[in-house]
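Structure first, commentary second.
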Amino acid sequence: MSYFETLTDAAFAVFKAKGIASPSDLIIPRAERDAAPLCVSGFNAPASDFVAVTPGAATQVITVKAPFKAAYHVNDPPYRIEATSNSGFPVSIYPLTFKTCSVGLADGVVTWRRPGYCAFTLAVAGDADHFAYGPIEYGTTVLASGAPDPAPPRLGGVYPPSASGPQSYLRFVNAGAAGTVTVTLTDAATGQPVVTWTSPSIPAFAAPQYSISTLESAAPAGFARPAMYGLKVEPTTTLTGFLQHVLYHPRDGTLTNVSTCDSGVTTGGRYIGNMHSSSLGSFGYPSSLVLHNVSGIGGLYEFLETYDAGTGASLGDYYQGPIQMNGSASISATQLEAGARFAAGGRLHYAVYLSSYYYGFPQHLVTNQKSGTIVDMSAVCALDGKSKSAAANTLYAGALYSGSQGASLSFLRFYNAGTVAVTLYDPGTGQNLGTWTSPSISPNVEQQYDLGSIENAIGLVKRPSYEFSIAGSIDGYFQHVLFRPVNGTLTNLSTCQNAVAADPRTLIGVHSSLLGAADFPSTIIVNNTDGVAAKITLGIYDARDGVKLGSYVTDTIAAGGQARIEVSSMEAAAHITPNAQYHYVIKAEIAGAGFLQHLVNNQKVGIVTDMTTVCLL
């Protein structure tokens, strides 16, 4: 409905005085608006041309008494949210992370349930004299009982510059005021620091990228470059935002996201750093943003504010819509540039901010055209180590690909005990196409299902792709793996709303040597972030039934160091010969600080994929 359809004669009088004969002269039909939505970034018209449509309406503000601390522990006393509005209207509270914390709708009492991110929204309704306010998201980190407060993250497996092998690049996404990042590169074998580097000041909305050779420029003359680095973010970092670790393989021209760290694995939420411009896309790395509408409201529009990733300079706004409830919209860099009316020029990267974040969540996909792989670039590490990931009763995830279109096929992996119900939606219309319920999954078991089997079980007319949600009783993990039969590649597309994480001690879907022999070998990186050298025991479990097959004990890993282990070597040391066992669950079974990382080498095309990240159930 147009606003002008609701005008009373008295309200229309001010328009009539400006020469408008009828309210219908001001109404643009819905079809015309959808075909060519108006995007406005400013007006040059005189103030006398404007009409105040809500004269005298007041803006409301919500005040929270005694705001959240940075972190709480599971055994801490409950916390009561005391929120008021300046109008005196009641403030409504809505919980977002039901499994991490419970929030009383009537009394606002928060009870800490399990480690993760606790989030809720506050909103206040409006009336004829007051604008509504919100919903605005608030949140805090919940830690295990006795756990230390979050610290800046550490990365494992940072590759030095190389003429032919893979090499690492670091991206820093600014989600606040200007600041700097200080990092230390360590020798992965010894754990000893090699070089400490501080970035230039990074402006608001910027997301610059730095090569490892740039960091090495701060090293003393004659330094010895190790075979592999580790990396830690120093507490002197003042930038509020995220770190992304990108791996580039110049020999094969492939680009992947390997952003696994010991703490703070998450997504940037409404901040997308380093979307590739059409200029970079023309080199074989086109980006697309997929906007998922999980708000419960149909026909939503989304504003995307675009910035130069190098400088933070505003480039323009893009207006996308309508996106149907449980539907999605895909936006290429070319569409973004055309809609926001600017040219890529010499820019390679954009930072994109979604101004209506609570309507859904974005996913950033890059196609490596040289290898034919699709890479999810959504996962990042929070610079302060505080992940915003949490499990919810219903998990909303990104796009699934059906084998009906031939090029790609999605596989769904579920870990731990219970059943799950997967509902598929048409991405264009949001139509509910049906629900599939899994068999019961036993404790410590990982089960994998191909999307084709789920489609057949539902009995639907197959689409090329789907939106989907997951509900169920599992207290564990979900992982979305994309297989491209046209070129034999395997990648991790596990982006879900507010739920992307990594378990530092448990890896699922680790390939046995049977899959390794089929050109998909798994490598485990064991990172010892403790203050003392140690041998780490890794338990090897059959993913099908949770039975422990044996253990592998690493050599002594230096404090701050790491060990890289091929799964075939683990099998040999543990005297395991796989028999139709394609997947293992690997667990670190020793006390102490550290984390695991799982990399798969797609040997057919020379691309290294990080298979560590999962979505929390």
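Read-outs: derived from the displayed coordinates by stated rules, not from any lab. Computed from a predicted model, the values in this text were never measured in an experiment. Neighbour counts are summed over all protein chains in view; Cβ atoms, including those assigned to glycine, are modelled from backbone coordinates with ideal geometry.
At a glance:
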quantity: Note, ³J(HN,Hα) from phi for the range 526-542, Karplus 6.51, -1.76, 1.60, rounded to Hz, x at Gly and Pro; calculated: 9, 9, 9, 9, 6, x, 10, 5, 7, 9, 10, 8, 10, x, 10, 10, 5
quantity: Mean Cβ count within 10 Å, highest first, over the residues of peptides 334-342, 142-150, 604-612; calculated: 604-612, 334-342, 142-150
quantity: Farthest toward positive dipole pole in the chain [+1 Lys/Arg, -1 Asp/Glu at C-beta], among G298, P443, A558; calculated: A558
quantity: 10 Å binning of all Cα-Cα separations within the chain, expressed as whole percents from 0 upward; calculated: 3, 15, 26, 27, 17, 8, 3, 1, 0
quantity: Contact order relative to length of the range 257-385, as percent, for alpha carbon pairs under 8 angstrom and 6 or more apart; calculated: 41 percent
quantity: ³J(HN,Hα), Karplus 6.51/-1.76/1.60, whole Hz, each residue of the range 216-223, x for Gly, Pro; calculated: 5, 5, 8, 6, x, 4, x, 5
quantity: Amide H contacts of V510 (H built 1.01 Å from N, under 5 Å, at least 5 apart or other chain); calculated: Y584, I586
quantity: Normalised convex hull volume, the range 154-267, alpha-carbon set, Å³ per residue; calculated: 104 Å³
quantity: Relative contact order [Cα under 8 Å, 6+ residues apart], the chain, whole percent; calculated: 12 percent
quantity: Cα-based shape type of the range 390-447, given that a ≥ b ≥ c are square roots of the gyration tensor eigenvalues and the cut on a/c is 1.5; calculated: prolate
quantity: For the range 62-143: rounded, prolate or oblate by the Cα gyration tensor [a/c cutoff 1.5]; calculated: prolate
quantity: Residue order, fewest to most surrounding Cβ atoms within 10 angstrom, among C381, C118; calculated: C381, C118
quantity: Table column - 3J(HN,Hα) (Hz), the range 291-306, Karplus curve with 6.51, -1.76, 1.60, x for Gly and Pro; calculated: 9, 9, 8, 10, 6, x, 10, x, x, 7, 10, 10, 9, 10, 8, 10
quantity: Long-range amide H partners of L315 with built H, under 5 Å; calculated: T306, Y307, D308
quantity: Sites I458 and A224, calculated FRET efficiency, Cβ-Cβ separation with R0 45 Å, nearest 0.05; calculated: 0.15
quantity: Filter on K370/K604; K386/K548; K232/K548; K99/K548; K232/K604; K99/K388 - keep pairs with C-alpha separation over 23 Å; calculated: K386/K548; K232/K548; K99/K548; K232/K604
quantity: Net charge over other residues, Cβ less than 14 angstrom from the Cβ of E589 (K, R count +1; D, E count -1); calculated: +3
quantity: Qualifying GluC sites (Glu not before Pro) in the range 519-617, DSSP loop, other Cβ atoms within 10 Å at most 16; calculated: E589
quantity: Sorted by Cβ neighbour density within 10 Å, fewest at the top, the residues D384, D545, D519; calculated: D545, D519, D384
quantity: Cα-based shape type of the range 345-416, given that a ≥ b ≥ c are square roots of the gyration tensor eigenvalues and the cut on a/c is 1.5; calculated: oblate
